[in-house]
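What follows is a short report on a single structure.
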């Protein structure tokens, strides 16, 4: 008897359905969409397992159905068709948001290799591979180019498991989980460098666990999203993962219409990718000091009217990072036409036990916008190796950023006035047990505070490039329009 794990139990099927018995041919040429779909449809009548045997099976869009596990044997590969006409969902997604529809309400094509909507107890497991063949010439349409298929798109489903498989070379995002309840992603490998917008995992769901995964993507590695204004992305655990990216490694937003609540991220390694097919950061930014790097190691963004709170991030080792920590509340307000503008909020953020390098002059930042504040932030037990060589002119230059811009350290320009932390429009923040190791000479400030009220800074060490170490002093800080600032329990303003 074959036992295949499902989301919250086990699907036991004495007679699993092999797609070869439905005429599927693993020759890497024959299109098997009809045969695979017939196997899934028949299996869904009683529930069970559809087996993809060894071979290379080309297919267009297939629809996963309730109580069905798609099991890929070792040596089995599902190959996404390189013909866009083979990707045609039966009907547009019923969930209306900017993921599935244009702002005017007209549905997008939502092209996808494996698609499911409003299904229960579905799983994709096994030691095989799903290859989107997204590097095909016809899919090379540039950054945000339209009508490229995702590899997996799961909408409004309950009890979803993705386990052990290798996912590679999507033409767009690798996998997108929208409005689901109960998602478990465990032990998968993702290699996604075939195209622009090659995210590793995108999730806007609730009651989610991502664990023991190895993600290597050109765009964001693990990205939590929030499309629905009345449904936050919430109750998410991400743990024991290795993430490589050329963009943001671990990210919340964009978008952030519903916000993010109760998110715990722990025990992860962030590293530079071995692939750099599109971005080439060092060639485009003279201040980046490594051939391979990502934009942000940890990014928390809420700029589309949602409420973000209850974020705990702990035990992350990072290497090859331009900006270690990027936290931003803005006022972009991406939404469907007719929805009212709303101001995003953020509160109760804890980040601890982070080791990282910093390879750009865009330092770690925590910023909201005038009239709005990020509240209740704790940073502790951080060690950053700083490779920048910022100047005093940069330290005194005003920071200009559009409040409605896309949230990115690049929106600040080439540099910030601090080499450690730039903090603006924040209430109640503590920064404790931090060491900044200067690899070169940087004459900017270690910390800049602008419109910050009640900040406690303690046990903060500066190690100069010559090896001399000293605690940060009040004179090291640049403080503007702020109140209630203490350094080692002593008031400084």
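Within the set of pairs 6 or more residues apart or between chains, which connect a residue that is assigned to a helix (DSSP H, G or I) inside the stretch 31-48 to a residue that is modelled with pLDDT under 95 with Cβ atoms less than 9 Å apart?
Qualifying pairs under 9 Å: 43/13.
Quick check on residue 405: is it surrounded by 17 or more Cβ atoms within 10 Å (Cβ to Cβ) and either under 21 Å from residue 294 (Cβ atoms) or without any contact (Cβ under 8 Å) to a residue 12 or more places away in the chain (or both)?
It is false that residue 405 is surrounded by 17 or more Cβ atoms within 10 Å (Cβ to Cβ) and either under 21 Å from residue 294 (Cβ atoms) or without any contact (Cβ under 8 Å) to a residue 12 or more places away in the chain (or both).
Looking only at the stretch 7-32, which residues are touching a strand residue (DSSP E or B) at 6+ places or on another chain (Cβ under 6 Å), more than 18 Å from residue 66 (Cα to Cα) and either modelled with pLDDT under 95 or surrounded by fewer than 18 Cβ atoms within 10 Å (Cβ to Cβ) (or both)?
Passing the criteria: 28, 31.
Filter the stretch 315-333 for residues that are in contact with a strand residue (DSSP E or B) (Cβ under 8 Å, 6 or more places away or on another chain) and not in a strand (DSSP E or B); which is nearest to residue 435 (Cα to Cα)? Steps first, please.
Taking the stretch 315-333 as the starting set, the residues that turn out to be in contact with a strand residue (DSSP E or B) (Cβ under 8 Å, 6 or more places away or on another chain) are 315-330, 332.
Of the ones still in play, those that are also not in a strand (DSSP E or B) are 319-320, 330, 332.
On the way: 319: 16, 320: 18, 330: 29, 332: 34 Å.
The selected residue is 319.
Is it the case that some residue within the stretch 373-388 is out of contact with any helix residue (DSSP H, G or I) (no Cβ under 9 Å at 6 or more places or on another chain), modelled with pLDDT under 95, closer than 23 Å to residue 301 by Cα and outside any strand (DSSP E or B)?
Taking the stretch 373-388 as the starting set, the residues that turn out to be out of contact with any helix residue (DSSP H, G or I) (no Cβ under 9 Å at 6 or more places or on another chain) are 373-388.
After this cut, where a residue has to be modelled with pLDDT under 95 as well, the list is none.
There is no residue in the stretch 373-388 that is out of contact with any helix residue (DSSP H, G or I) (no Cβ under 9 Å at 6 or more places or on another chain), modelled with pLDDT under 95, closer than 23 Å to residue 301 by Cα and outside any strand (DSSP E or B).
Based on what the data block shows, is residue 208 within 24 Å of residue 305 (Cβ to Cβ) and buried (at least 23 other Cβ atoms within 10 Å of the Cβ)? Talk me through it step by step, then tell me what you get.
Numbers: within 24 Å of residue 305 (Cβ to Cβ): yes; buried (at least 23 other Cβ atoms within 10 Å of the Cβ): yes.
Yes; evaluated as a whole, the condition is true for this residue.
Does the stretch 89-102 hold any residues that are surrounded by 13 or more Cβ atoms within 10 Å (Cβ to Cβ) and more than 18 Å from residue 204 (Cα to Cα), and which are they? Talk me through it step by step, then tell me what you get.
Step one: list which residues in the stretch 89-102 are surrounded by 13 or more Cβ atoms within 10 Å (Cβ to Cβ), which gives 89, 92-93, 95-101.
Correct list: 89, 92.
On the given criteria, is residue 125 in contact (Cβ under 8 Å) with a residue 60 or more places away in the chain, over 24 Å from residue 247 (Cβ atoms) and part of a loop (DSSP other than H, G, I, E, B)?
Values: in contact (Cβ under 8 Å) with a residue 60 or more places away in the chain: yes; over 24 Å from residue 247 (Cβ atoms): yes; part of a loop (DSSP other than H, G, I, E, B): no.
Considered against the rule, which asks whether it is in contact (Cβ under 8 Å) with a residue 60 or more places away in the chain, over 24 Å from residue 247 (Cβ atoms) and part of a loop (DSSP other than H, G, I, E, B), residue 125 comes out as no.
Can you name the number of the only condition in (1) closer than 20 Å to residue 484 by Cα; (2) in contact (Cβ under 8 Å) with a residue 40 or more places away in the chain; (3) assigned to a strand (DSSP E or B) that residue 348 fails?
Going through (1) closer than 20 Å to residue 484 by Cα; (2) in contact (Cβ under 8 Å) with a residue 40 or more places away in the chain; (3) assigned to a strand (DSSP E or B) one by one, residue 348 breaks only (2).
Just need a number here: residues in the stretch 106-122 that are over 14 Å from residue 87 (Cα atoms), in a loop (DSSP other than H, G, I, E, B) and in contact (Cβ under 8 Å) with a residue 12 or more places away in the chain. If you could, list the steps in order and put the result at the bottom.
The first filter runs over the stretch 106-122 and keeps only residues over 14 Å from residue 87 (Cα atoms), leaving 106-107, 117-122.
Retained after the next criterion (residues that are in a loop (DSSP other than H, G, I, E, B)): 106, 118-119.
Now restrict to residues that are in contact (Cβ under 8 Å) with a residue 12 or more places away in the chain: 118-119.
Final tally of qualifying residues: 2.
Failed condition for residue 207, given (1) within 21 Å of residue 158 (Cβ to Cβ); (2) more than 14 Å from the chain's Cα centre (by Cα); (3) assigned by TED's automatic domain parsing to the domain that holds residue 346, with all others met?
Condition not satisfied by residue 207: (3).
Can you run down the residue pairs with Cβ atoms below 7 Å, 6 or more apart or on separate chains, where the first is in the stretch 453-481 and surrounded by fewer than 16 Cβ atoms within 10 Å (Cβ to Cβ) and the partner is part of a loop (DSSP other than H, G, I, E, B) and modelled with pLDDT under 95?
474/492
Could you count how many residues in the stretch 162-202 are over 16 Å from the mean Cα position of the chain (by Cα), surrounded by fewer than 22 Cβ atoms within 10 Å (Cβ to Cβ) and assigned to a loop (DSSP other than H, G, I, E, B)?
2
Regarding residue 446, is this residue surrounded by fewer than 16 Cβ atoms within 10 Å (Cβ to Cβ) and either in contact with a helix residue (DSSP H, G or I) (Cβ under 6 Å, 6 or more places away or on another chain) or farther than 23 Å from residue 350 by Cα (or both)?
no
For residues that are outside any helix (DSSP H, G or I) and within 18 Å of residue 370 (Cβ to Cβ), tally how many sit in the stretch 406-427. Working first, answer last.
First, the residues of the stretch 406-427 that are outside any helix (DSSP H, G or I): 406-408, 413-427.
Narrowing the set further to residues that are within 18 Å of residue 370 (Cβ to Cβ) leaves 407, 416-417, 422-427.
Of the residues in the stretch 406-427, 9 are outside any helix (DSSP H, G or I) and within 18 Å of residue 370 (Cβ to Cβ).
Are any residues in the stretch 133-161 in contact with a helix residue (DSSP H, G or I) (Cβ under 9 Å, 6 or more places away or on another chain) and crowded, with 17+ Cβ neighbours inside 10 Å, and if so, which ones? Break it down stepwise before answering.
Let us first name the residues in the stretch 133-161 that are in contact with a helix residue (DSSP H, G or I) (Cβ under 9 Å, 6 or more places away or on another chain), namely 133, 138-139, 145, 147-149.
If the condition is that a residue be in contact with a helix residue (DSSP H, G or I) (Cβ under 9 Å, 6 or more places away or on another chain) and crowded, with 17+ Cβ neighbours inside 10 Å, then 133, 139, 148, 149 are the ones that fit.
The values are calculated or read from the model by the stated rules, or taken from the named source; none is laboratory data. Keep in mind that what you see is a predicted model, and the values were worked out from it rather than measured. Cβ sites come from the backbone with ideal geometry, for glycine too, and all protein chains shown count toward neighbours.
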